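Student: Once you've had a glance at the structure underneath, I'll fire off some questions.
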Ligand code: XLS
Ligand code: NI
Ligand code: NI
């Protein structure tokens, strides 16, 4: 036991009227919603990086957090893990997520990185065996170190491609060893700053080959988890290749990987791409590639990836509505890829940030489930498309322009517009918030 969270109790569900800050008001893991436990619907994961590795810097200032585990030694990394697993327990979190660089000290070279990662993987494994949470996903950080400044898989230097491929192999090994249910690739530096120095076609070909190798390796080692790409349009790179869900799907199809790889959709990234979160989820569901979510919001005014904890129930409800319509999570879950504000220095701030976020998600899920059970939204959608249920409408899809034209003339087709009822539906949704 460390004393970092001294005096902070383990959080339990205490109902909406609870007095204590250290309580769940809506997150009730065992509550049954649409035939499934709430915990199994939401599948919360706590991210390692923002909580335990991020020092609190912003573009104008450096570290604000003074954590006893900050330092680049194995002892620091183990203390960090001790504190992290204490936080997972306090929050009763079923899952966590990590990058290699969050959990291990940076070595002098690839071999030392790998040794450090392997040692920390065993340290994690022991804690997980002792009742710790499960691993939702692991990933490689191929964007912070200066060697990756011009990209990883898309770097003009083949040695960086090699270093990246080897690093991903070690991270997939670690994820596999820890029973990870997914493996994520987020290409923060896979893109370009200026076309003047960029061979885009070559970079896209390399990125496709790199991803194919990841899928081949997954099958080689018998990893049963899902490979996920996390789309983002920009930041840190000016133009990122994995712009949004639709772009990633086109890329997967081009390399024949659309049945092998799904997407991890982040709320803030959707906003940066000019979409809503639910748009991205619905797009992924329609294309058969919905995997997992990073539930952290952006600031709507600053236009920057601020990675804030969710605090807006109606927004979250619309996201979970699309997830429930898509059948819910399978291997995916709700990862809080979120960080404190840099003035939130106290240990309890880490706990309260997650407690609030988990409650907002629980409330959103309950509202989404109630809307589905109520059925009026889906009934209205069904009515709007009812014409397509008729056999003659279905037959038209199998005919051709000549036959359709003949039919339009024969029947004197003269379509009359119908109201889309948007305001009525918005009013209906608000009744569930
Ligand atoms: C950055 C991304 C990153 C991924 C994991 O914007 O959200 O944190 O989730 O590499
Ligand atoms: Ni992000
Ligand atoms: Ni993310």
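Here, each number is a calculation from the coordinates, and none is a lab measurement. In this text, all values refer to a predicted model and were calculated from it rather than measured experimentally. Glycine also receives a Cβ, built like all others from the backbone with ideal geometry; neighbour counts cover every protein chain displayed.
Student: Tell me, in nm to one decimal, what length is gained between residue 212 and residue 247 on full extension, where the rule is 0.36 nm per residue of separation less the Cα-Cα distance?
Tutor: Contour length minus the Cα-Cα distance gives 10.9 nm.
Student: Restricting to bridges with both residues inside the chain, how much of the DSSP beta-bridge set is antiparallel, in percent to the nearest 5?
Tutor: Among the beta bridges of the chain, antiparallel pairing accounts for roughly 20 percent.
Student: Angle, helix 110-129 long axis vs. longest principal axis of the chain, Cα atoms, 0 to 90°, nearest 10?
Tutor: On a 0 to 90 degree scale, this one is about 80.
Student: Let me ask another. Taking a quarter of the surface of the Cα convex hull of the range 6-65, what do you get in nm²?
Tutor: 6.6 nm²
Student: In addition: Between residue 285 and residue 21, what's the calculated FRET efficiency when r is the beta-carbon distance and R0 is 35 Å? Round to 0.05.
Tutor: Efficiency for this residue pair is about 0.45.
Student: Just to be sure I understand the model, the point goes 7 Å from the Cα along the line to the Cβ. What's the resulting residue 73 to residue 14 distance in nm?
Tutor: 4.0 nm
Student: So, one more: In nm, to one decimal, how far is the residue 385 label point from the residue 2 one, both placed 7 Å along Cα→Cβ?
Tutor: If labels sit at residue 385 and residue 2, their model points lie 5.0 nm apart.
Student: Please list 175-183, 293-301, 119-127 highest first by mean number of surrounding beta-carbon atoms within 10 Å per residue.
Tutor: Numbers: 175-183: 21.7, 293-301: 19.7, 119-127: 17.2.
For the peptides 175-183, 293-301, 119-127, the packing ranking is 175-183, 293-301, 119-127.
Student: Classify the chain as rounded, prolate or oblate, taking a ≥ b ≥ c as the square roots of the eigenvalues of its Cα gyration tensor: rounded when a/c is under 1.5, otherwise prolate if a/b is larger than b/c and oblate if not.
Tutor: Verdict is oblate for the chain.
Student: How do 95-103, 241-249 rank on mean C-beta neighbours within 10 Å, highest first?
Tutor: Numbers: 95-103: 24.1, 241-249: 21.9.
Per-residue mean Cβ counts within 10 Å order the peptides as 95-103, 241-249.
Student: Let me ask something else. Helix 347-374 versus the longest principal axis of the chain: what is the Cα-based angle in degrees, 0 to 90, to the nearest 10?
Tutor: Helix 347-374 sits roughly 20 degrees off the main axis of the chain.
Student: Which ordering of 169, 80 is given by a fewest-first count of other beta-carbon atoms within 10 Å?
Tutor: Ranking 169, 80 by Cβ neighbours within 10 Å, fewest first, gives 169, 80.
Student: Hey, rough spin-label estimate for residue 341 and residue 312, points 7 angstrom out along Cα→Cβ, what's it come to in nanometres?
Tutor: Inter-label distance under the simple model: 1.6 nm.
Student: In degrees from 0 to 90, rounded to the nearest 10, what is the angle of the helix 277-287 Cα long axis to the longest principal axis of the chain?
Tutor: Tilt of helix 277-287: around 70 degrees.
Student: Let me ask another. Packing-wise, with mean Cβ within 10 Å as the measure, how do 402-410, 50-58 rank, highest first?
Tutor: 50-58, 402-410
Student: Further, regarding this structure: Just from its helices, what would the mean residue ellipticity at 222 nm be for the chain, if runs of 4 or more DSSP H residues each count -39500 (n - 2.57) and the sum is divided by every residue, rounded to the nearest 500 deg cm²/dmol? Can you show the working numbers first?
Tutor: Numbers: 15 runs with 192 residues, N = 433.
Rounded to the nearest 500, the figure is -14000 deg cm²/dmol.
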